[in-house]
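Where a number appears in this text, it was derived from the coordinates with a stated rule and is not lab data. Fair warning: this is a prediction, and the values are worked out from it, not measured in the lab. We place every Cβ from the backbone using ideal geometry, glycine too, and count neighbours over all the protein chains shown.
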């Protein structure tokens with residue numbers, strides 16, 4: 001497995017791969033890898049000849065500086081996992097390799113009302129106005145910014161993302177479409193821990209007690225799924241809210257049933273051909289998100 005830190009070296013290496021007409025699969029990550037990430041690598045291996053995984057903690061998508069500072073950085077362990085999974089290339093750049101001083105200064109000044117990628121403005125419309133977008137202004141600007149940079153560096157044929165970040169997946173698909181990038185975006189199922197908790201790098205910050213408590217998040221979502229055809233959405237959401245708020249050390253940011261494509265809230269099963277229930281919860285100081293497709 002090759003570990004590359006510079007964009008120039010990465011592009012030079014990939015040029016030789018393209019000359020061999022090989023298919024490139026890409027898995028972008030922020031590190032602190034777990035079985036969910038490895039499932040993306042395994043899916044990419046089934047489809048592609050060469051697999052690249054990026055490990056980069058992107059500063060422009062964090063609204064809270066303390067959250068950025070606390071985000072786990074485990075590159076050595078990540079590389080060991082990726083080598084065991086037979087990943088071909090790890091791209092692990094420094095911040096200064098990916099961002100200019102001007103770009104970092106713009107984020108520092110909280111320029112949050114627009115997204116720039118590759119020098120073009122991308123309009124995500126209502127996709128970024130709800131749920132994560134409402135709770136974390138500017139977050140998806142940072143996501144689009146770094147993913148577009150990574151896509152330009154790697155120029156993969158296919159890119160793989162987990163459905164745990166359901167809204168992020170919609171944002172990336174919109175960006176790729178608007179910028180006419182010739183990349184197939186492939187969504188992969190959420191991988192869960194034995195108690196149902198969606199696997200996340202942030203889970204490592206939970207105490208043993210908090211990790212056990214966090215199981216109620218997915219239980220709430222799957223209960224809504226089981227009853228979504230039988231009860232009004234308003235009742236299901238109210239019950240879910242009440243249950244989460246009754247839990248110790250747990251703070252609910254939102255729980256929403258939305259159209260699976262537009263991500264706009266819907267009132268009943270007649271409002272959409274496909275729906276998803278999404279949630280964001282804080283347990284102690286750790287913020288967790290999850291979702292379940294209802295139908």
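Distance from the alpha carbon centroid of segment 266-295 to that of segment 1-54 works out to 31 angstrom. Mean residue ellipticity, 222 nm, helices only, the chain: the sum of -39500 (n - 2.57) across DSSP H runs of n ≥ 4, divided by residue count and rounded to 500, is -12000 deg cm²/dmol. Each of 158, 149 was scored by other Cβ atoms within 10 Å of its Cβ. Arranged with the fewest first, they read 158, 149.
Got the relative contact order for segment 146-295 handy, in percent, Cα pairs under 8 Å and 6 or more residues apart? Once divided by the residue count of segment 146-295, the mean separation gives 20 percent. Applying 1/(1 + (r/R0)^6) with r as the Cβ-Cβ distance of residue 102 and residue 152 and R0 = 22 angstrom yields a FRET efficiency of 0.80.
For the chain, the longest principal axis of the Cα atoms and the long axis of helix 35-47 meet at an angle of about 60 degrees. The C-alpha atoms of the chain define a longest principal axis, and helix 215-227 lies at about 70 degrees to it. For 78, 49, the sequence from fewest to most other C-beta atoms within 10 Å is 49, 78. Compute the angle between helix 166-178 and the longest alpha-carbon principal axis of the chain, please, reported from 0 to 90 degrees and rounded to the nearest 10. Long axis of 166-178 versus the principal axis of the chain: about 50 degrees. Taking a point 7 Å from the Cα of residue 243 along the Cα-to-Cβ direction, the residues of segment 211-234 with backbone N closer than 12 Å to it are 215-228. Computed from label points 7 Å out along Cα-Cβ, the spacing between residue 73 and residue 13 is 2.0 nm.
Length gained on full extension, residue 6 to residue 65, computed as 0.36 nm times the residue gap minus the Cα-Cα distance: 18.7 nm. Taking packing as the residue-averaged number of other Cβ atoms within 10 angstrom, the listed peptides 256-263, 235-242, 14-21 run from highest to lowest as 256-263, 235-242, 14-21.
Compared with the direct C-alpha span, the chain from residue 251 to residue 229 gains 5.2 nm at full extension, assuming 0.36 nm per residue.
Taken along the Cα-to-beta-carbon direction at a fixed 7 Å, the label points for residue 262 and residue 35 span 3.8 nm.
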